[in-house]
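Worksheet: the structure to be examined is printed underneath.
The values are calculated or read from the model by the stated rules, or taken from the named source; none is laboratory data. Just so it is clear, the model here is predicted, and its values are computed rather than measured. Ideal geometry is used to build each Cβ from the backbone, glycine not excepted, and the neighbour counts take in all protein chains shown.
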Amino acid sequence: MHRPTSQTRRLASTVTISPISSLLVESLARLSLSTHIQLLLRNMLTDSGRLLDAYFSRAFYKQILGKTVDMRDLESIDPEYHKSLQWMLDNDITDIIDQEFTIEDDQFGEKKVVELKEGGASISVTEENKEEYVRLVVGYRVENSIKDQIKSFLTGFYEVIPRKLVQIFEADQLECEFSTLRRAIAS
């Protein structure tokens, strides 16, 4: 994370859950989930009493609200990957892309091929089914690869802030509420 000094311009960072954080889920199980969430929020918002320029990604706010993520949400997490998928959608991929309904996932340094749907390793991505492929890739990258961590986070989050209180918001409104919380902590 960028730590600004007096000689650097202040930049904001977007925070989202990493798939490798699954290692922490079991070790944090000893803490109550609400304590875990309180620690996460405190550490995300402050560093030794100083407010950090770190915000949850839009996709994460959608996940808190139980909303479906889409292609636009991938852009804030991985702009280059988003750009390549957008190119695929915008162009005719016939005789250009040789891809099946799989994704390569780096799981602790070991590359694994994950089928995006049953039998995906034997289904070629074509001009006709590329939108489904992109939708499944986005779902995997933004949701499925971190589903256990999201579930753990949300269980604790809803202990601190009941689900019915946050469900009235849209993702951008919830982001604004968190921003207001950050300003209140700073003052």
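Suppose the filter is hydrophobic (A, V, I, L, M, F, W, C) and in the same structural domain as Ile168 (by TED's automatic domain parsing); does Phe60 pass it? So Phe60 fits the description; yes. Looking at the stretch 101-123, is at least one residue surrounded by 11 or more Cβ atoms within 10 Å (Cβ to Cβ), polar (S, T, N, Q) and outside any strand (DSSP E or B)? For the stretch 101-123, residues surrounded by 11 or more Cβ atoms within 10 Å (Cβ to Cβ), polar (S, T, N, Q) and outside any strand (DSSP E or B): absent. Against the numbered list (1) out of contact with any Leu (no Cβ under 7 Å at 6 or more places or on another chain); (2) on the phi < 0 side of the Ramachandran plot; (3) of a type outside the set (Gly, Ala, Ser), Glu159 comes up short only at (1).
Taking the criterion of being surrounded by fewer than 19 Cβ atoms within 10 Å (Cβ to Cβ), basic (Lys, Arg) and modelled with pLDDT of 85 or more, the only residue of the stretch 131-159 that qualifies is Arg135. For the stretch 90-97, the criterion of being surrounded by fewer than 18 Cβ atoms within 10 Å (Cβ to Cβ) and part of a helix (DSSP H, G or I) is met by at least one residue. Can you confirm whether Leu154 is under 22 Å from Ile64 (Cβ atoms), of a type in the set (A, V, I, L, M) and not in a loop (DSSP other than H, G, I, E, B)? Against the criterion (under 22 Å from Ile64 (Cβ atoms), of a type in the set (A, V, I, L, M) and not in a loop (DSSP other than H, G, I, E, B)), Leu154 qualifies.
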